[in-house]
Amino acid sequence: MSNKKLSGEVYFPSEKVIENAHIKDRDDLDNRARKDYSGFWSEMANELHWFQKWDKVIDDSDKPFYKWFTGAKTNIVYNCLDVHVKTFRRNKLALIWEGENGESKTMSYFALHRETCKFANVLKSMGVQKGDRVTIYMGRTPEIIIAMLACARIGAVHSVVYGGFSVESLAERIEDSNSKVLIVSDGAYQRGKIVPLKQIADEALQRCGTVEHCLVVKRTGQEINMEQGRDMWYHELMNLPIATQNSALEIVDSEDPLFILYTSGTTGKPKAILHTHGGYMVGTYATLKYVFDIHEEDRYWCAADPGWITGHSYIVYAPLLNGTTSFLYEGAPNFPYPNRWWAMIEKYGINILYTAPTAIRGLMRFGESWVNRHDLSSLRLLGSVGEPINPEAWKWYHRVVGKEKCPIMDTWWQTETGMFMITPMPCVPLKPGSGTKPFPGIEMDIVDESGKSVKANEEGFLIIKTPWPAMIRTVYKDDERYVSQYWSKYPGVYLTGDSARRDEDGYFWIIGRVDDVIKVSGYRLGTAEIESALVSHHSVAEAAAIGLPHEIKGNAIYTYVILKSGIEKSQQLIEELRQHVSHEVGPIAKPEHIEFVDSLPKTRSGKIMRRVLKARALGQDPGNISTLEE
Ligand code: PRX
């Protein structure tokens with residue numbers, strides 16, 4: 001580590017933390033990775049099993065369609081399960097699960113392997129083949145993990161839709177992915193209530209015609225509709241003779257697709273980000289190992305949802321690749337009381353907690369006595385992801401939860417990056433609110449409109465200059481959008497869509513999105529999705545959505561609506577519109593505020609100028625409005 005004095009408020013790691021860490025000097029690792037980037041990643045890859053090794057680590061012959069570990073044969077699930085079942089980890093817990101209603105379950109690596117193989121054989125028997133897309137729409141139970149792994153095991157491509165999305169979001173994702181199989185649960189417990197997932201799915205299936213088989217996991221047990229010939233119970237299928245424990249493993253090419261995951265972008269419909277087996281496996285494995293410093297005896301808890309990239313990479317794949325024990329919790333953090341999380345950390349002896357700033361701010365508001373009634377001494381490391389963490393929340397997390405001994409890994413990354421990109425490691429001095437620097441070997445910069453690096457502490461566009469193994473391969477079915485969205489503003493470099501600044505010590509500070517993406521409670525939503533849901537209501541002519549700062553959620557959704565002529569404005573209509581968005585997109589997209597207006601600020605070409613709406617709402621100067629039409 002360089003001895004240069006760091007500016008601002010700095011938290012240095014204790015000697016004990018450094019002593020236990022895999023990496024004791026990040027600069028050293030960074031230098032090594034920069035000197036021999038391919039060598040660095042091939043060293044990481046060599047810690048995993050391959051049926052056949054690669055010809056090339058990075059193939060950049062068709063930029064920006066980078067390929068990793070070309071020529072290699074593998075299957076990520078083989079490394080997640082089979083490898084461990086052959087070792088002492090066979091009987092180690094892979095998963096500890098607690099339901100919101102207090103039920104619990106544990107699964108060893110042996111058991112998770114068995115259930116995955118069984119379900120893989122069920123899927124095969126239904127005709128699911130390599131390359132086929134399967135949509136998964138479930139709550140946080142072990143079966144969602146089994147379903148994802150079973151798909152990947154047979155080379156099918158899973159498309160998980162977060163259980164907080166609703167009818168139209170689900171329908172559009174099923175249709176776009178052309179999934180013939182949907183795996184769903186009857187419901188999920190959330191804040192003591194049941195989210196009727198199967199009922200939502202039924203409605204979605206009426207809007208899209210691709211699904212032939214719908215497999216239903218019984219979680220809540222309420223009465224649901226089961227359509228004959230289409231719907232089948234998971235537990236019944238898993239008891240049939242077809243559900244053998246035969247391996248059912250498809251050996252795939254490193255670059256074969258592993259999953260697609262829909263996310264919101266600048267314009268139009270959500271796009272499906274495509275990730276592949278080989279590079280994604282190596283990238284997520286190595287980043288989790290070094291950043292959360294995984295040790296054999298750890299109990300690790302990533303409190304995200306498997307339905308988002310954080311869950312894909314750091315609940316499902318990376319922890320299993322590392323052979324660690326993960327905890328999964330079904331419900332809300334404050335149910336039935338605000339001590340729920342802290343009680344579970346104590347009960348299960350969790351060592352690592354990885355969550356989002358919004359959750360920290362939400363729990364902080366209940367006061368520290370809820371935390372202090374529990375023994376959290378098992379905690380060793382903390383993590384944050386999804387949005388910038390305000391220093392106040394960082395310090396509370398550090399002091400009250402981590403008792404000033406747990407370093408906080410503030411990890412910046414995206415659905416598209418697949419793995420941590422800007423992140424500390426336990427040995428790195430921390431500044432509250434900064435994710436410190438890029439992962440070893442990865443070159444990132446902050447540039448102005450013309451692509452020139454900005455000076456220290458100046459704001460600019462955050463870009464990535466080196467390819468990385470878990471990178472997005474393309475936008476599913478839309479190579480053009482992949483190129484135009486990410487690689488066109490500055491040829492040869494990846495545009496993140498975020499703005500940031502870098503301080504005099506080279507530490508990165510994320511400011512926020514510069515496009516039409518709104519981060520609400522860490523969830524990524526597009527203004528277009530919210531607007532099109534509003535416009536799909538019979539009384540709405542036009543709508544605009546923006547994000548405005550919110551104390552707990554980070555951003556809240558504000559919308560401006562032009563009603564069709566003859567429609568009366570009323571409080572009742574506002575509530576109806578909010579419910580409509582919730583029903584179509586999901587409760588996470590429900591606008592905080594709806595205002596009826598007679599016109600919207602637009603450019604002469606008809607584009608809504610959200611920037612002007614935002615400035616008006618915040619009472620700020622809207623800046624350059626020369627393109628404003630009216
Ligand atoms: O704006 C950044 C923010 O989340 C965006 C990516 O969202 P998504 O694809 O849903 O993935 C979220 C989880 C990886 C980024 O463009 N973001 C993510 N992590 C951080 C962050 N902003 C600040 N600090 C972070 N640690």
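The values are calculated or read from the model by the stated rules, or taken from the named source; none is laboratory data. Bear in mind the structure is a predicted one, so any value in this text is a computation, not a measurement. A quick note on method: Cβ atoms are made from the backbone with ideal geometry, for glycine too, and the neighbour counts reach across all protein chains shown.
Right, ILE530: among the hydrophobic types (A, V, I, L, M, F, W, C), more than 14 Å from the ligand (Cβ to nearest atom) and either over 30 Å from LYS63 (Cα atoms) or buried (at least 22 other Cβ atoms within 10 Å of the Cβ) (or both) or not? Steps first, please.
Working: among the hydrophobic types (A, V, I, L, M, F, W, C): yes; more than 14 Å from the ligand (Cβ to nearest atom): yes; either over 30 Å from LYS63 (Cα atoms) or buried (at least 22 other Cβ atoms within 10 Å of the Cβ) (or both): yes.
So ILE530 passes the test.
Looking at PRO424, PRO407 in this structure, which one is away from the ligand (no atom under 14 Å from the Cβ), surrounded by 22 or more Cβ atoms within 10 Å (Cβ to Cβ), over 26 Å from GLN485 (Cβ atoms) and modelled with pLDDT of 95 or more?
On the way: PRO424 fails: away from the ligand (no atom under 14 Å from the Cβ).
When all the criteria are applied, what remains is PRO407.
Does the stretch 598-606 include one or more residues that are closer than 21 Å to VAL514 by Cβ, in contact with a strand residue (DSSP E or B) (Cβ under 6 Å, 6 or more places away or on another chain), of a type in the set (Lys, Arg) and part of a helix (DSSP H, G or I)?
no
Could you please give the count of residues in the stretch 465-487 that are away from the ligand (no atom under 12 Å from the Cβ) and part of a loop (DSSP other than H, G, I, E, B)?
Adding up the residues that qualify gives 11.
Restricting attention to the stretch 430-444, does a residue exist that is part of a strand (DSSP E or B), within 15 Å of the ligand (Cβ to nearest atom), of a type in the set (S, T, N, Q) and in contact (Cβ under 8 Å) with a residue 60 or more places away in the chain? Spell out the reasoning first.
Start the filter on the stretch 430-444 by keeping residues that are part of a strand (DSSP E or B), which leaves 430, 436, 438, 444.
From the residues that got through so far, the ones that are within 15 Å of the ligand (Cβ to nearest atom) too are 430, 436, 438, 444.
In the following step, the residues that additionally are of a type in the set (S, T, N, Q) were identified as 436.
If we keep only those that are in contact (Cβ under 8 Å) with a residue 60 or more places away in the chain as well, we get 436.
For the stretch 430-444, residues part of a strand (DSSP E or B), within 15 Å of the ligand (Cβ to nearest atom), of a type in the set (S, T, N, Q) and in contact (Cβ under 8 Å) with a residue 60 or more places away in the chain: present.
Under 6 Å between Cβ atoms, which residue pairs at least 6 apart in sequence (or on different chains) link something in the stretch 11-23 that is over 22 Å from GLY433 (Cα atoms) with a partner that is of a type in the set (Val, Ile, Thr) and modelled with pLDDT under 95?
Within 6 Å, no pair qualifies.
Taking into account only those residues within the stretch 533-566 that are exposed (fewer than 15 other Cβ atoms within 10 Å of the Cβ) and assigned to a loop (DSSP other than H, G, I, E, B), which is farthest from the chain's Cα centre (by Cα)?
Out of the qualifying residues, it is GLY566.
Out of all the residues in the stretch 255-265, is one or more over 30 Å from LYS53 (Cβ atoms), modelled with pLDDT under 95 and surrounded by 14 or more Cβ atoms within 10 Å (Cβ to Cβ)? Can you show your working first?
So the first thing to find is which residues in the stretch 255-265 are over 30 Å from LYS53 (Cβ atoms), and the list is 262-265.
Subset that is modelled with pLDDT under 95: 264-265.
Subsequent filtering for residues that are surrounded by 14 or more Cβ atoms within 10 Å (Cβ to Cβ) retains 264-265.
There is at least one residue in the stretch 255-265 that is over 30 Å from LYS53 (Cβ atoms), modelled with pLDDT under 95 and surrounded by 14 or more Cβ atoms within 10 Å (Cβ to Cβ).
Starting from residues that are within 14 Å of the chain's Cα centre (by Cα) and either surrounded by fewer than 24 Cβ atoms within 10 Å (Cβ to Cβ) or among the charged types (D, E, K, R) (or both), keep the ones in the stretch 274-303 and report whichever is nearest to TRP341 (Cα to Cα).
So, considering only residues that are within 14 Å of the chain's Cα centre (by Cα) and either surrounded by fewer than 24 Cβ atoms within 10 Å (Cβ to Cβ) or among the charged types (D, E, K, R) (or both), the one nearest to TRP341 (Cα to Cα) is ALA303.
Which residues, counting only those in the stretch 160-174, are out of contact with any strand residue (DSSP E or B) (no Cβ under 7 Å at 6 or more places or on another chain) and part of a helix (DSSP H, G or I)? Break it down stepwise before answering.
Looking only at the stretch 160-174, we keep the residues that are out of contact with any strand residue (DSSP E or B) (no Cβ under 7 Å at 6 or more places or on another chain), and these are 162, 164-169, 171-172.
Correct list: VAL167, GLU168, SER169, ALA171, GLU172.
Within the stretch 366-403, which residues are assigned to a loop (DSSP other than H, G, I, E, B) and within 13 Å of the ligand (Cβ to nearest atom)? Break it down stepwise before answering.
Filtering the stretch 366-403 for residues assigned to a loop (DSSP other than H, G, I, E, B) gives 366-368, 373-380, 386-390, 402-403.
Hits for the stretch 366-403 are GLY386, GLU387, PRO388, ILE389, ASN390.
Quick one: is ILE557 within 12 Å of the ligand (Cβ to nearest atom) and either in contact (Cβ under 8 Å) with a residue 24 or more places away in the chain or aliphatic (A, V, I, L, M) (or both)?
Values: within 12 Å of the ligand (Cβ to nearest atom): no; either in contact (Cβ under 8 Å) with a residue 24 or more places away in the chain or aliphatic (A, V, I, L, M) (or both): yes.
Here the answer is no, as ILE557 does not meet what is asked.
Pairs under 6 Å by beta carbon, first residue assigned to a strand (DSSP E or B) in the stretch 488-506, partner among the acidic types (Asp, Glu) and within 15 Å of the ligand (Cβ to nearest atom), six or more apart or different chains?
Short answer, once both residue conditions are applied: GLY497/ASP515; SER499/GLU459; ARG501/GLU459.
Any residue at all in the stretch 498-521 that's more than 12 Å from the ligand (Cβ to nearest atom) and closer than 20 Å to LEU261 by Cα? First the steps, then the outcome.
Narrowing the stretch 498-521 to residues more than 12 Å from the ligand (Cβ to nearest atom): 501-507, 516.
From what is left, the residues that are closer than 20 Å to LEU261 by Cα are 516.
Yes, the stretch 498-521 contains a residue that is more than 12 Å from the ligand (Cβ to nearest atom) and closer than 20 Å to LEU261 by Cα.
Among the listed residues SER42, SER61, identify the single one that is over 19 Å from ALA248 (Cα atoms), touching a strand residue (DSSP E or B) at 6+ places or on another chain (Cβ under 9 Å), in a helix (DSSP H, G or I) and not hydrophobic (A, V, I, L, M, F, W, C). Lay out the reasoning, then the answer.
Working: SER61 fails: in a helix (DSSP H, G or I).
Testing whether each residue is over 19 Å from ALA248 (Cα atoms), touching a strand residue (DSSP E or B) at 6+ places or on another chain (Cβ under 9 Å), in a helix (DSSP H, G or I) and not hydrophobic (A, V, I, L, M, F, W, C) leaves just SER42.
How do the pairs read when you match residues in the stretch 608-620 that are at negative phi with residues anywhere that are in a helix (DSSP H, G or I) and among the acidic types (Asp, Glu), using Cβ under 9 Å and keeping only pairs 6 or more apart or on different chains?
ILE608/GLU531
Could you run through the stretch 331-382 and say how many residues are farther than 21 Å from GLY164 by Cβ and of a type in the set (S, T, N, Q)?
Selection size over the stretch 331-382: 6.
Out of GLY229, GLY192, GLY221, which single residue is without any contact (Cβ under 8 Å) to a residue 24 or more places away in the chain, surrounded by fewer than 19 Cβ atoms within 10 Å (Cβ to Cβ) and either out of contact with any Cys (no Cβ under 9 Å at 6 or more places or on another chain) or more than 21 Å from SER169 (Cα to Cα) (or both)?
Step by step, each of GLY229, GLY192, GLY221 is checked, and only GLY229 is without any contact (Cβ under 8 Å) to a residue 24 or more places away in the chain, surrounded by fewer than 19 Cβ atoms within 10 Å (Cβ to Cβ) and either out of contact with any Cys (no Cβ under 9 Å at 6 or more places or on another chain) or more than 21 Å from SER169 (Cα to Cα) (or both).
Please go through the stretch 304-347 and give me each residue that is among the small types (Gly, Ala, Ser) and either within 16 Å of the ligand (Cβ to nearest atom) or crowded, with 19+ Cβ neighbours inside 10 Å (or both), ordered by number. First the steps, then the outcome.
Residues of the stretch 304-347 among the small types (Gly, Ala, Ser): 304, 307, 311, 313, 318, 323, 326, 331-332, 343.
Of everything in the stretch 304-347, those that are among the small types (Gly, Ala, Ser) and either within 16 Å of the ligand (Cβ to nearest atom) or crowded, with 19+ Cβ neighbours inside 10 Å (or both) turn out to be ALA304, GLY307, GLY311, SER313, ALA318, GLY323, SER326, GLY331.
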